[in-house]
Amino acid sequence: MLATTSPILQMLNEKIDVLSLNPEERKLYESRMKLKSDIATISEVQFKAGAEWGLAEGEARGRSEGSHQKALETAKNLLQFGLSQKKIAQATGLSLKEVEALN
């Protein structure tokens, strides 16, 4: 009873079971444990790579959106100076429709 409720006793029981295996069974057990460890490591590496890619993607999107917002602000200021919408579009890289929508 106690062995099933205590994590330490469960671990010790597993160790005893492994020690009682014959050499061939022990080799199979160790191979299985290595495979489980390798799978866990691969999963962790893939997760970290995915997280890093997501972070880089988010940073790039944020820079792009910030750059676009800045272009819109610049276009608004240039409109106040009376520049033509066509020239503002050329200067800011915005489309003519985007500049027209600012009026």
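A few notes on this one:
- Selected residue (only one of Arg63, Arg32 is within 30 Å of Asn103 (Cα to Cα), surrounded by 10 or more Cβ atoms within 10 Å (Cβ to Cβ) and among the charged types (D, E, K, R)): Arg63
- Scan of segment 14-27 for residues that are surrounded by 11 or more Cβ atoms within 10 Å (Cβ to Cβ) and of a type outside the set (D, E, K, R), ordered by number: Val18, Leu21
Taken together, the values in this text are just the output of simple stated rules run on the coordinates, not laboratory data. The model shown is predicted, which means the values in this text are computed figures rather than measured ones. Note that each Cβ is placed from the backbone with ideal geometry, even for glycine, and that neighbours are counted across all protein chains shown.
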